[in-house]
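Just so it is clear, none of the values below were taken in a lab; they were calculated from the coordinates. Only a predicted model underlies this, so the values are computations on that prediction, with no experimental measurement involved. Glycine gets a Cβ as well: all are built from the backbone with ideal geometry, and neighbour counts include every protein chain shown.
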Amino acid sequence: MGWGPQQRDADAAAASVAKMTLEQKAGQVILPFYTGLDHEAQAAQVERLHLAGSMIMADNVPGTATGLVDVRALAGVTGRLDKAARAGGRTWPGLIGVDQEGGAVSRVGAPLTRWPAPMSYGAAGSVPLAAEAGRGLAAELAPLGFTVDFAPTADVTIGPADPTIGARSMSADPRAAASLSAGFTKGMLAGGVLPAVKHFPGHGSVTTDSHKALPVQNATLPQLKARDWKPFQSAVKAGAPMIMTGHIAVRALEPGVPASLSKATYSALRGLGFKGVAVTDGLNMGAVTGRYPHGSAAPAALAAGADLLLMPADAAAAHAAVVRAVAGGKLPLQRLEEAARRVVTMMVWRGRTAKPRPPAAPGSGEALSAQISARAITVVAGRCKGASVPGSVRVAGGTPVDRARFAAAAKDAGIALGRGPLVTLIGYGGGPVKSDLAVALDAPWPLAQSAAPTKIALFGRSPGAYKALLAVLAGKAGAPGKLPAAVGPYPVGTGCR
């Protein structure tokens, strides 16, 4: 069928959807979220409204007394929500979703593997490594009951003017972003979790954060096809089962309307050959909530061509709005049924093909994560051979956890702390610094204006990333990474030769 499922999956889904009431059909196209740890209340809502499943956000993840994720309890939560999604005789698994990209967007923390920022794959320049990472990440989520991960981010970043995506993008080069994100997508599928490639028609080249307001994309269609759409074309060829639409108003498609609610945008996406599930970005985001109150975004998105409505601000209001729109003739029943069939087809296929495999233990990907960081670390300015620091350094910036990880890696590398040159860590959202050595832990843009003779892009803050950093500083390892995006005067490809 061009996107994973076979005709028998579509036939089974069509038969199931045909037997559903209007309320059940409306539920199958909504993937809600909830706050806090009242999992039973969420399960009850999933059952009552016949919802597709549930998202798990960071505040839904149960923890231990030591601050780690309680993996056994988390598996119990996803199992309960899956059972709720199967209520009423549904035989396919529920959509138990999470945002686990690696880097800054990681809802489930340790003891699961700490992965570096996705831009690491662009700096390392290795599609096989990206695919291996996608598989490793998914392989740890699947045993915990997750069926869907809203990753990878396929957006092509334009650099520091991009306030939302940054190091979540794999590259500023459309071809590299396309091949790397497709590799990651295939890896995730092999690891047993459904990926959702995001955010069509491209969120890396707009200058407003859609969590807060509606970005406007002024590029022409030829410009979009040459840049922003290349990774999504690649995702379609890779068999991506889901593509997410972003809350971006594209003047060349439908001015003033978020792409997630724009018929022209869904037509453009289908024009790339995509036959899978088109899912909206979170409908609780600022670009949508102010314009579409009381659940009205839900039927509007369906009417435009969405198949799955992600995280409406009020799931009950969204469900009621969909039922009301169909009953009142404002939303064609056939459109709702088409959307429900696509979602159910995907999950019938997932249920049929999910092969029992030895569960990947939480944290089993740490060695791979460290390998990625060692391949990605990039010297933007400074020495490429030999030690960059003497036997002792000072460290500033970052968080207490960052400095503790730096200290642990320094000890292993034989470098003392307390005197010597100053190493300043620049975390997510940090600005330029003045230091002897500046190290960007997330997007590398702050290095452009930092006053430091040595500038290093690390693209991560995991223990493995710090191990890679200290090995380079001590002269025990080279820095093979190359900038996947320009950083001020430093062009793409800057790095040690």
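Straight-line reach from Lys225: taking Cα to Cα under 15 Å and skipping same-chain neighbours fewer than 8 places apart, the aspartates and glutamates in range are Asp155, Asp173.
For the chain, find the longest principal axis of its Cα atoms and tell me its angle to the long axis of helix 174-191, 0 to 90°, nearest 10. On a 0 to 90 degree scale, this one is about 70.
Note on Leu333 and Arg8: the model spin-label points, each 7 Å out from Cα along the C-beta direction, lie 3.1 nm apart.
Under 5 Å from the amide H of His199 lie the amide H atoms of Ala154, Asp155, each residue being 5 or more positions distant or on a separate chain, with H modelled from the backbone and absent for Pro and chain starts. Angle of helix 127-141 to the longest C-alpha principal axis of the chain, folded into 0 to 90 degrees and rounded to 10: 60°. Backbone N atoms of the range 425-449 closer than 13 Å to the 7 Å Cα→Cβ label point of Thr207 are not found in any residue. If you sort the three axes of the alpha carbon gyration tensor as a ≥ b ≥ c, you get a/c of 1.5 or more for the range 411-486 and a/b no higher than b/c, which makes it oblate. Remark: relative contact order (the chain) = 16 percent; criterion is Cα-Cα distance under 8 angstrom and separation of 6 or more residues.
Placing dummy labels 7 Å off each Cα toward the beta-carbon, the span from Ala317 to Ala416 is 6.2 nm.
Taking amide H atoms as placed 1.01 Å from N in the peptide plane, the amide H of Ala416 lies under 5 Å from those of Ser392, Val393, each 5 or more residues away in sequence or on another chain.
Summing Cβ point charges (Lys, Arg +1; Asp, Glu -1) relative to the Cα centre of the chain gives a dipole of roughly 940 debye. In this simple spin-label model, placing a label point 7 Å from the Cα along the Cα-to-Cβ direction at both Arg175 and Glu40 gives a separation of 5.9 nm. Per-peptide packing, taken as the mean over residues of other Cβ atoms within 10 Å, places 202-211, 250-259 in the sequence 202-211, 250-259 from highest down.
Angle of helix 315-327 to the longest C-alpha principal axis of the chain, folded into 0 to 90 degrees and rounded to 10: 40°.
Below 16 Å Cα-Cα, how many Lys pairs turn up in the range 352-476? Only count pairs eight or more apart in sequence, or on different chains, if you could.
On the way: Lys385/Lys455; Lys385/Lys476; Lys411/Lys467; Lys411/Lys476; Lys434/Lys455; Lys467/Lys476.
Final tally of qualifying lysine pairs is 6.
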